[in-house]
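To keep things clear, I will list the structure first and then write my remarks on it.
We did not get these values from a lab; they are worked out from the coordinates using the rules stated. None of the values given here were measured: they were computed from a predicted structure. Virtual Cβ from ideal backbone geometry, glycine too; neighbours counted across all protein chains shown.
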């Protein structure tokens, strides 16, 4: 994630099927199921406390009950319930996919200065310094005639550089899995500072 005292960049990067002055163009995309398990009812058993069970009724109605049972060291029932709520939210979505995209520097369009544009040069400056959380992946499924858009966060990248070209592979996760962890975001909102004593001296 981010180092202590760091904050995600506010600039938005767009990943699309073609390169332009407003988006990074990828040559290859792979979509994979985000988690290996599916669960629409999660039981968290905090040591020394009562079990917390959270269900996703719409998913249970569609697929039946698929449960996950874990032991935790959560110190309070409220914290254990929060863990169960998060797990059932992300594990019950069969459509939750991550993405792995690949592209080279030779196919990108450069123009403009960081941070006002989303060109390749600006992307390199941003990604190698600090990833953004407010990016968009444009993609198509079989039969689509228009792009779909998904808010994503870059969870990692790898790079292979030679004098001939630089090849990047970027690993993207759906932004929605971080809904429970955002403290201050123009996209997700701001938690109640007065109750958390966050943002005060």
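Here segment 58-94 is scanned for amide nitrogen atoms under 19 Å from the site 7 Å beyond the Cα of residue 148 along Cα-to-Cβ, giving 59, 90-94.
Rounded to the nearest 0.05, what FRET efficiency do residue 62 and residue 17 have when you use their Cβ-Cβ distance and R0 = 41 Å? Given R0 = 41 Å and the Cβ-Cβ separation, E is 0.85. Distance between the pseudo-spin-label points of residue 28 and residue 94 (7 Å out from Cα toward the beta carbon): 2.9 nm. The gain in end-to-end length when the residue 176 to residue 49 segment is fully stretched comes to 42.8 nm, 0.36 nm per residue minus the alpha carbon separation. Considering only alpha-carbon pairs that sit under 8 angstrom and 6 or more positions apart, the relative contact order computed for segment 41-94 is 47 percent.
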